[in-house]
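Heads up: the structure comes next, in structure tokens.
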Amino acid sequence: MAANKDRASLFLAKYLAGLDESELEQRLTAKPETPFSRLPRNHKLTDEAVQARWDVLDLDKAAQAQILDPQTKEQMQVYKKNIENFIGTIKLPIGLAGPIRVNGLFAQGDYTIPLATTEAALVASYSRGAQLITRAGGCTAILLNEGVSRAPGFAFNNVHEAGRFSMWVISNQDKFIEVAESTTSHGKLIDMRITVEGNHVYLIFEYSTGDAGGQNMVTIATDSVVAYIIEHTPVQPEYHFVEANLSGDKKASAQSFSSVRGKKVTTEVHLSKELIKKMLHTTPEKMVDYWRMSAMGGVLSGTIGVQGHYANGLAAMYIACGQDAACVAESSVGVTRFEVNKQGGLYAAVTMPNLIVGTVGGGTGLPSQRACLEIMGLAGSGHAQAFAEVTASVALAGELSIIGALAAGHFTRAHKNLARTQK
């Protein structure tokens with residue numbers, strides 16, 4: 001968080017030049033008396049409410065037409081459970097990567113992957129990695145674990161009260177399961193852990209969430225459990241919260257790295273040196289050299305896990321397929337490992353413990369997003385585990401492609417050819 005004093009001085013001198021003390025104070029002082037344009041209080045999704053919001057914006061009609069196009073106007077009722085203050089939809093280009101062959105516990109076959117992005121070279125890179133895997137016969141993918149957590153916190157007067165509360169909690173876990181599962185037909189409370197820090201007690205409730213990503217599901221279930229606790233505990237907390245920031249929700253954390261949050265998947269592939277030379281124009285040894293140096297770079301920079309760019313593919317898949325895009329913050333934690341195998345080829349593996357993905361609920365039922373899931377044959381119930389294995393396999397494809405490009409010295413050229421010099 002600290003800034004070098006010389007750089008800070010130069011920065012301030014550059015941006016404060018020409019401002020005297022009174023001008024600076026005027027710019028930086030709060031201005032509660034200045035009027036502002038209020039958005040209408042009506043959150044409903046009606047033609048009148050949508051137009052009222054556009055009237056506040058007072059923009060050219062051409063801008064409105066780009067966001068509130070005829071198809072969006074016709075379909076807008078499908079968005080009413082996914083958005084507030086609706087004004088239209090934004091359009092992102094979607095490209096296809098693949099096919100990628102996945103030999104998984106749940107995912108079996110060749111999958112064509114829809115990726116929504118504005119970053120040139122991304123789809124081409126992931127597609128190259130996917131085709132490399134497919135030519136090798138596919139990758140092996142295994143779903144290892146599942147669980148979505150919520151962590152309420154309780155504060156007491158002293159550690160003695162915190163201890164008594166913890167003992168009561170342990171003896172009532174079966175009741176918590178009953179209460180939690182009364183709120184959902186798909187979620188199951190599968191585990192509970194307790195952390196005591198002084199007079200604070202954190203309860204980590206872990207759920208299975210079926211085919212849903214499950215963030216809202218576990219929040220509602222936990223809220224009911226907390227209500228039961230407050231009503232029945234013999235030791236009343238001084239205050240409490242339904243989430244006390246110990247679950248790892250939407251952030252990279254050491255805790256989720258070492259356990260699971262969402263779905264944990266490992267995927268691997270063996271690639272011959274001939275195939276790597278043909279498709280990546282490099283060698284297994286150079287790719288392992290790069291992986292070794294980049295792994296140390298990750299350690300030196302303090303990253304949680306060691307990987308190249310999971311977030312690229314995850315963000316593009318999550319947006320295309322109606323996932324909670326903010327979960328990329330935790331889902332992009334993981335480990336990539338490269339080794340030269342006994343045959344002189346490359347062994348590559350990716351392990352991702354935090355894939356928050358689902359094929360029902362959230363944004364998965366919206367028209368474009370469901371269509372993207374249908375491209376992969378993974379829309380609707382019964383497909384979430386396969387979707388997780390496919391997602392991890394796509395991340396593996398991205399790691400192979402980017403490290404191949406860096407090892408071959410093609411990384412900059414690819415971006416220049418596909419982005420800067422495009423006409």
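The values are calculated or read from the model by the stated rules, or taken from the named source; none is laboratory data. Fair warning: this is a prediction, and the values are worked out from it, not measured in the lab. Cβ sites come from the backbone with ideal geometry, for glycine too, and all protein chains shown count toward neighbours. Only protein heavy atoms, including side chains, enter the accessible area calculation; ligands, DNA and RNA are left aside. Shrake-Rupley method; radii C 1.70, N 1.55, O 1.52, S 1.80 Å.
Points worth noting:
- Scanning the stretch 268-300 for residues that are open to solvent by less than 20 Å² (accessible area, probe 1.4 Å) and in a helix (DSSP H, G or I) yields a total of 7.
- The stretch 138-162, residues that are surrounded by fewer than 18 Cβ atoms within 10 Å (Cβ to Cβ), over 28 Å from Phe257 (Cα atoms) and either touching a residue at least 24 places away in the same chain (Cβ under 8 Å) or among the hydroxyl-bearing types (Ser, Thr, Tyr) (or both): Asn157, Asn158, Val159
- Selection count where residues are free of Cβ contacts under 8 Å to residues at least 60 places away in the same chain, assigned to a helix (DSSP H, G or I) and open to solvent by less than 40 Å² (accessible area, probe 1.4 Å), scope the stretch 370-393: 1
- Scanning the stretch 334-369 for residues that are buried (at least 17 other Cβ atoms within 10 Å of the Cβ) and part of a helix (DSSP H, G or I), we see that the one that is farthest from the chain's Cα centre (by Cα) is Ser368.
- Residue pairs meeting the criteria (Cβ under 9 Å; at least 6 apart or on separate chains; first free of Cβ contacts under 8 Å to residues at least 40 places away in the same chain and more than 11 Å from Ala397 (Cβ to Cβ), in the stretch 115-128; second aliphatic (A, V, I, L, M) and open to solvent by 30 Å² or more (accessible area, probe 1.4 Å)): Thr118/Leu92
- Complete set of residues in the stretch 16-50 that are among the β-branched types (Val, Ile, Thr) and either surrounded by 10 or more Cβ atoms within 10 Å (Cβ to Cβ) or not in a loop (DSSP other than H, G, I, E, B) (or both): Thr46, Val50
- Val265 meets each of the listed conditions (1) assigned to a strand (DSSP E or B); (2) surrounded by fewer than 21 Cβ atoms within 10 Å (Cβ to Cβ) apart from (2).
- Selection count, the stretch 306-316, where residues are over 20 Å from Lys91 (Cα atoms) and open to solvent by less than 10 Å² (accessible area, probe 1.4 Å): 1
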